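The values are calculated or read from the model by the stated rules, or taken from the named source; none is laboratory data. Predicted model only: the values in this text are computed from it and were never measured. Cβ placement follows ideal geometry from the backbone for every residue including glycine, while neighbour counts extend to all protein chains displayed. To get the accessible areas, we keep the full protein, side chains included, count just its heavy atoms, and leave off ligands, DNA and RNA. Shrake-Rupley method; radii C 1.70, N 1.55, O 1.52, S 1.80 Å.
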Amino acid sequence: MVHFLHPGLSPRTIVPPDARKDMLGCLVVQEEASPYSLVNICLNILVANLEKLCSERSDGTLCLPEHWSFPQELADRFVGMMTWQGKLTDRTASIFQGNQMKLKLVNIQKAKISTAAFLKAFCHHRLIELDATAARTDLSIPDILSGLCSNSWIQENLRRLVLDSASIPRDSRMLLFGQLTGLRVLSVFNVCFHSEDLVNVSQLPKLESLDISNTLVTNISALLTCKDRLRSLTMHYLKCLTMTKPQILAVIRELKCLLHLDISDHRQLKSDLAFHLLQQKDILPNIESLDISGGNYITDGAVELFIQQRPAMQFVGLLATDAGYSDFFSAKEGLRVAGGANISQISEALSCYRNRSCFVKEALCRLFTETFSTEVTMPAILKLVAVGMRNHPLDLPVQFTASACALNLTRQGLARGMPVRLLSEVTCLLFKALKTFPHYQQLQKNCLLSLTNSRILVDVPFNRFDAAKFVMRWLCKHEDPKMQAMAVSIISILALQLSPEQTAQLKEEVFMAVKELLAIVKQKTAESLDDVTLLFTLKALWNLTEQSRAACRHFIENQGLAIFIQVLETFSETAIQSKVLGLLNNIAEVRELFSKLITEDVVKHISSLLHSKELEVSYLAAGIIAHLTSDKQPWISCDLQRRALLQDLYTTIQNWPSSSCKMTALITYRSFKAFFPLLGNFSQPEVQLWALWAMYHVCSKNPSKYCKMLVEEEGLQLLCDIREHSEADPQAQQIAASIVDDFKMHFMNYQRPSLC
């Protein structure tokens, strides 16, 4: 006998709720932190490269290589993976034609395939299960039934059929399930399924589990036909019933074999069917799982008495009711409760009702309240939040409430205890919700808040291009100081994570962001307010202008130089000076713009900061001078000043400690290419010395990154040229030789067989 329980139940050993919650949390951490299985990796590669691996038939569909053959289990997983990734189409489904694949358990949820493709690809296999939930309108339920019944083996052996939310043409007659004589489990949730269809289905000789939730059934009396074999009955939100409460209860009373009954309803409908059911003493003697979530007038006392009279009960659904709050429900050994009284019940509800948006929303609202000030990391709960978001992408209340719950579960230090893969999934779902609901500001705010989490922003994989676009647009549309501060802090980090090509694609957003960021700097400077927002704003501008000619140009065009001179004259803090100089370095690296820096005010401040006691300030000022003086052309009318700057630069570098020393601020580069013109400038060894000192410094701090960069950008040869050049400055030759020799082993990892 097939044993049917509520979807949330498991026949495994019963454990206490708290222990079970801890076990689930550990399992989620282990699963999310573990590498993907080799089978999944291989199947993912197959799905991604299907077009390359397959040949094309004359009708445009794909065909597997003749010698390929898949075992049944792998074939089932393969079609499921294609479905999950949205890759199952008429063109690709054709690979399941013939006998190279042997399918049994087929999942085509939301697949975009036609009736003809379905018939050719799946109906010749010996299927025992088919899930066609939300199949596209081109593949209707009558077409699915016709295709399945065309195979006599399937007629006798198909055990499980799920047609939830599938379509039925308006002119369709009664659905003919009668030929599927082996069917044991049938689900037609949210389908135009009528009472006449129920009469037909109830006559199936082996039917044991039936879900007719949210259908057009008006009378359930036909269930009496299968009263001796029906083990599981789900009729959530059966809104069209015309029977009286006594008539409904009379039918249920006859279903003595039921182990699971679901009569849950939308709370707004204020159904009292469950209330009347609980008053019955001679009903459902063998019940193990009862779902009455959303029912009206439900009390703890009535539910407790009902359960005490039925000792086999293992599950009760009480979400969106007034019950579940007494100690009985947590003390009762082996009883699982889907409700809203505590985290354990909410977790059960999110798991059981993952496909019911009304209950997902209710559970998430309760979860938000329960986790508002939590200090406990709960990866299993966050995983359920992600499932709710993924299953209901078009439901705004679900997406908004889930985003708020995600914030509660990942704020401050909680994210550090979450697996990176799980955080990545949640972050990607948040951005998907943003695209679906672009005008809902509170959802946008929640997404912005999630990105302020350093763990997510630095360690978690997600689409940083989309994130940067969103945050820059947000910054330019909102004047609230707190929200601006968050946006600025995010941009300061995201800007450095974008490639120069990506930054170029964000032309409009970068232009608006640079303008807005400069406005913030100007305001803070006028107020002499050196707060954290100013620091993040300066850092954001520094990072946005790195290797971005357009951003540097926007900076100049928006009076950035005048604003930054004012910053230097207002603030003397090292952290502010270094960020200002860092950006000016980026400007100096752009050949067509660096002449804009050759003004009396700029040169005066840079010359002064060259002698700063703080090494990073002196270093960055030296970098600007090296770039500005490397070209004689802009200095034709003031060559003496250029020579004086070069002499000052040379003297300053001599006073610096070893290039392997440690600076207070971490200096990083995306590329060495801006250094190459300096390295080749043998007529001005001062600029060579600065570039070489800088290269040795960063190589000593992160040799794996910068030694690889030197080799890949062909900068190593320039060092060799300096070392071998007869007219090169001896000190420049020494530093060049030190870079080549000291990091030889690192270079050997990227260049063989020999170095210079």
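Structure above, values below:
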{"read-out": "5 angstrom amide H check on Asn107, placed H, neighbours 5+ away", "value": "Gly80, Asp131"}
{"read-out": "Difference of contour (0.36 nm per residue) and Cα-Cα distance, Asn655 to Val532", "value": "41.0 nm"}
{"read-out": "Local net charge near Ser232, Cβ-Cβ under 9 Å (Lys/Arg +1, Asp/Glu -1)", "value": "-2"}
{"read-out": "Stretch gain in nm, segment Glu254-Leu394, where the contour uses 0.36 nm per residue and the Cα spacing is subtracted", "value": "46.4 nm"}
{"read-out": "Protein-only accessible surface order, largest first, of Phe70, Phe177 at 1.4 Å", "value": "Phe70, Phe177"}
{"read-out": "FRET efficiency estimate (nearest 0.05) - Cβ-Cβ, Ser146 to Glu557, R0 51 angstrom", "value": "0.15"}
{"read-out": "Computed accessible area, Ser373, all protein chains, 1.4 angstrom probe, square angstrom", "value": "90"}
{"read-out": "Asn200-Ser726 pseudo-label distance in nm [points 7 Å out on the Cα-to-Cβ vector]", "value": "9.8"}
{"read-out": "Residues of the stretch 530-561 with amide N under 11 Å of the 7 Å Cα→Cβ point at Leu496", "value": "539-540, 542-544"}
{"read-out": "Two-site label geometry, Arg643 and Glu713: point separation in nm, points 7 Å out along Cα→Cβ", "value": "3.2"}
{"read-out": "Positive dipole terminus of the stretch 203-329, leading residue within Phe328, Leu230, Ile298 (C-beta point charges)", "value": "Leu230"}
{"read-out": "Accessible area per residue, Å², the chain with all protein chains present, probe 1.4 Å", "value": "44"}
{"read-out": "3J(HN,Hα) from dihedral phi, the stretch 426-432, Karplus parametrisation 6.51/-1.76/1.60, rounded to Hz, x for glycine, proline", "value": "5, 4, 5, 5, 4, 6, 5"}
{"read-out": "Area of Glu589 that stays accessible when all protein chains are in place (1.4 Å probe, Å², to 10)", "value": "50"}
{"read-out": "Efficiency of FRET between Cys192 and Met745 - r from beta-carbon atoms, R0 56 angstrom, step 0.05", "value": "0.20"}
{"read-out": "Gln566 paired with Gln633, simple spin-label distance in nm, labels 7 Å along Cα-to-beta-carbon", "value": "3.3"}
{"read-out": "Cross-link pairs beyond the 30 Å C-alpha cut-off, checked among Lys227/Lys270; Lys522/Lys662; Lys104/Lys245; Lys435/Lys705", "value": "Lys522/Lys662; Lys104/Lys245; Lys435/Lys705"}
{"read-out": "13 Å beta-carbon shell around Cys720, net charge (K/R +1, D/E -1)", "value": "-2"}
{"read-out": "Chain lengthening between Ser221 and Asp171 when straightened (0.36 nm per residue, less Cα-Cα)", "value": "15.4 nm"}
{"read-out": "Orientation-averaged projected area, Cα convex hull of the stretch 524-657 (nm²)", "value": "7.8"}
{"read-out": "Vicinal HN-Hα couplings computed from phi for the stretch 384-389 (Karplus, 6.51 cos²θ - 1.76 cosθ + 1.60; Hz; Gly/Pro x)", "value": "5, 4, 5, 4, x, 5"}
{"read-out": "³J(HN,Hα) computed for each position of the stretch 116-125 - Karplus, 6.51 cos²θ - 1.76 cosθ + 1.60, integer Hz, glycine/proline x", "value": "4, 5, 4, 4, 5, 7, 10, 7, 9, 7"}
{"read-out": "The stretch 193-272 shape via C-alpha gyration tensor axes, a/c threshold 1.5", "value": "prolate"}
{"read-out": "Residue-count net charge about Leu105 - beta-carbon cut-off 13 Å; Lys, Arg +1, Asp, Glu -1", "value": "+2"}
{"read-out": "Value at 222 nm in deg cm²/dmol, rounded to 500, when DSSP H runs of n ≥ 4 in the chain each add -39,500 (n - 2.57)", "value": "-16000 deg cm²/dmol"}
{"read-out": "Amide N proximity, the stretch 537-579 versus Gln523 label position 7 Å along Cα-to-Cβ, cut-off under 20 Å", "value": "537-542, 555, 558-568, 570-571"}
{"read-out": "Under 17 Å from Lys432, Cα to Cα: lysines that are on another chain or at least 8 residues apart", "value": "Lys383, Lys445, Lys469"}
{"read-out": "Between 0 and 90°, nearest 10: helix 615-629 axis offset from the chain longest Cα axis", "value": "70"}
{"read-out": "Ranked by how many other beta carbons lie within 10 Å on average, peptides 296-302, 692-698, 57-63 from highest", "value": "692-698, 296-302, 57-63"}
{"read-out": "Under 5 Å, built H, 5+ apart or other chain: amide partners of Arg336", "value": "Phe315, Val316"}
{"read-out": "Sulfur and carbon atoms: percent of accessible area, the chain [1.4 Å]", "value": "52"}
{"read-out": "Magnitude of the charge dipole, the chain, Cβ model with Lys/Arg +1 and Asp/Glu -1, debye to 20", "value": "1400"}
{"read-out": "For Arg473, solvent-accessible area (1.4 Å; no DNA, RNA or ligand), Å²", "value": "100"}
{"read-out": "Given (1) 31.7; (2) 31.0; (3) 36.7, the label whose value is Kirkwood radius over Cα pairs in Å derived from this model", "value": "(2)"}
{"read-out": "Relative contact order (percent, whole number), the stretch 464-569, Cα cutoff 8 Å, 6+ residue spacing", "value": "32"}
